[in-house]
Amino acid sequence: MVAPDDLRAQLLAWYDANARDLPWRVGPSDHAVGVRADPYRVWLSEVMLQQTTVPHAAPYFLKFLSLWPTVSDLAAAPDSDVMAAWAGLGYYARARNLLACARAVAGRHGGVFPDTEEGLRALPGLGPYTAAAVGAIAFDRTTNVVDGNVERVMSRLFAVEVPLPDAKPELKRLAASLVRDHRPGDWAQALMDLGATVCRPKSPLCDRCPISTHCAGLATGAPEAYPRKTPKAVRPHRHGVAFVLTRGDQVAVVRRPPKGLLGGMLALPTTDWRAARWADDEAMRHAPTQADWKGVGEVEHGFTHFTLTLRLLRAEGDADGVLWSARRDLDALPSVFLKAARAGLTNLI
């Protein structure tokens, strides 16, 4: 049986001794003496951490801070610069929302983030989770912060039998039952840290858990079986052809349309992506120029909702309507096109 006040005291004591040292975080000892987190850093980190791990996001976070130290600096940045700096983080709609939010904070609020959950929700691109997280961590607002880590902790703590995603409302309700006015920002981060380091998706470290005596999932003998999950549907598979056109040490790239998958990002010229493979003659209608195109293999890539095979064609020449990128700058491409460019430049057959 969960005893909320005892559980909270045990978890917060554990967090005080074991909080992760993260570049956007004010640790519990500093927080206790009045140091407050920078809302810009909290917001930026939360946007980057959606669908991204801490080790992968941290270098991007530091890069963004070095380029744009304040939200007003970010708001004034050209779209193309921000999209290039974001390349490799994936889920590129987040970068567009990032810019929209920064410009709203700079334009409507004088570069100062609203300090309430309601005010944060009114900003473009801030959904319920991000608004709650920034509200709690940056402003110590009593909000209910529920991410994937917290869902996993709640599902095990209460042995919730309803599978995800149907269990989400119940998990959010259970998390809310443990929220108090006392240390709401530390509480949110304590739950996140517990899920990330102890109550892990696989092989949970129950012997190190400060609240294991409250855990109904552990009492079943199989805590790793929670959260229950609905079997995933098979992702559809698509095919495309990407064109690796070189001009000396430069590679032809194009900017994708602002809306849709990888919107606004630099990319290799490519056909559409569809269920059927492309025949050579129809693929050539999408080539950036007439040239002696040669096959250089193919690459596989997985997106959230589908998988992709990109067949690669390479040629040397010139073309109208493209941009030219030095090979050393190809890291600015999204991962699918960076993978394709690297393969196309090394696997000539």
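The values are calculated or read from the model by the stated rules, or taken from the named source; none is laboratory data. What you see is a predicted model, and the numbers here were worked out from it, not measured in a lab. In this analysis, Cβ positions are derived from the backbone assuming ideal geometry, glycine residues included, and neighbour counts consider all displayed protein chains.
Tabulated values for the structure
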| read-out | value |
| --- | --- |
| Cross-chain or 6+ apart pairs with Cβ under 7 Å, the range 290-311 first and within 14 Å of ASP280 (Cα to Cα), then at pLDDT below 95 and surrounded by fewer than 14 Cβ atoms within 10 Å (Cβ to Cβ) | LYS294/LEU348; GLY295/ILE349; VAL296/LEU348; VAL296/ILE349; GLY297/ILE349 |
| Some residue of the range 40-57 being under 16 Å from PRO334 (Cα atoms) and surrounded by fewer than 17 Cβ atoms within 10 Å (Cβ to Cβ) | yes |
| Only listed residue being buried (at least 18 other Cβ atoms within 10 Å of the Cβ) and not assigned by TED's automatic domain parsing to the domain that holds PHE337, chosen from ALA93, ALA100, ALA106 | ALA106 |
| Failed condition for PRO169, given (1) under 23 Å from VAL47 (Cα atoms); (2) part of a helix (DSSP H, G or I); (3) touching a residue at least 12 places away in the same chain (Cβ under 8 Å) | (3) |
| Scan of the range 151-167 for residues that are buried (at least 19 other Cβ atoms within 10 Å of the Cβ) and in contact with a Lys or Arg (Cβ under 9 Å, 6 or more places away or on another chain), ordered by number | GLU151, ARG152, MET154, SER155, VAL160, ALA167 |
| In the range 15-36, the residues that are buried (at least 16 other Cβ atoms within 10 Å of the Cβ) and within 11 Å of ASP186 (Cα to Cα) | TYR15, ASP16, ALA19, ARG25, VAL26, GLY27, PRO28, HIS31 |
| Top-ranked residue in the range 126-149 [being of a type in the set (Ser, Thr, Tyr) and part of a helix (DSSP H, G or I); ranked as surrounded by the most Cβ atoms within 10 Å (Cβ to Cβ)] | THR130 |
| Given (1) more than 23 Å from LYS229 (Cα to Cα); (2) touching a Phe, Trp or Tyr at 6+ places or on another chain (Cβ under 9 Å); (3) part of a helix (DSSP H, G or I), number of the condition LEU123 does not satisfy | (3) |
| Odd one out for LEU191 among (1) in a loop (DSSP other than H, G, I, E, B); (2) within 21 Å of ALA19 (Cα to Cα); (3) touching a residue at least 24 places away in the same chain (Cβ under 8 Å) | (1) |
| Residue within the range 268-286 that is of a type in the set (Gly, Ala, Ser), in a strand (DSSP E or B) and at pLDDT 90 or above present | no |
| Residues of the range 287-308 satisfying the condition of being in contact with a Phe, Trp or Tyr (Cβ under 9 Å, 6 or more places away or on another chain), within 22 Å of VAL322 (Cα to Cα) and part of a strand (DSSP E or B) | none |
| Every residue from the range 114-156 that is of a type in the set (Gly, Ala, Ser), over 22 Å from ILE211 (Cβ atoms) and at pLDDT 95 or above | GLY119, ALA122, ALA131, GLY135, ALA138 |
| Breaking point among (1) of a type outside the set (D, E, K, R); (2) touching a residue at least 60 places away in the same chain (Cβ under 8 Å); (3) more than 19 Å from THR304 (Cα to Cα), for TYR60 | (2) |
| Residues that are hydrophobic (A, V, I, L, M, F, W, C) and part of a strand (DSSP E or B), drawn from the range 230-267 | VAL241, ALA242, PHE243, VAL244, LEU245, VAL251, ALA252, VAL253, VAL254, LEU266, ALA267 |
| Any hit, the range 239-256, residues being within 30 Å of VAL82 (Cα to Cα), within 23 Å of the chain's Cα centre (by Cα) and not hydroxyl-bearing (Ser, Thr, Tyr) | yes |
| Matching residues, the range 309-323, being crowded, with 16+ Cβ neighbours inside 10 Å and in contact with a Lys or Arg (Cβ under 9 Å, 6 or more places away or on another chain) | LEU310, ARG311, LEU313, ARG314, ALA315, ALA319 |
| Boolean, PRO114 is surrounded by fewer than 14 Cβ atoms within 10 Å (Cβ to Cβ) and either part of a helix (DSSP H, G or I) or of a type outside the set (Val, Ile, Thr) (or both) | no |
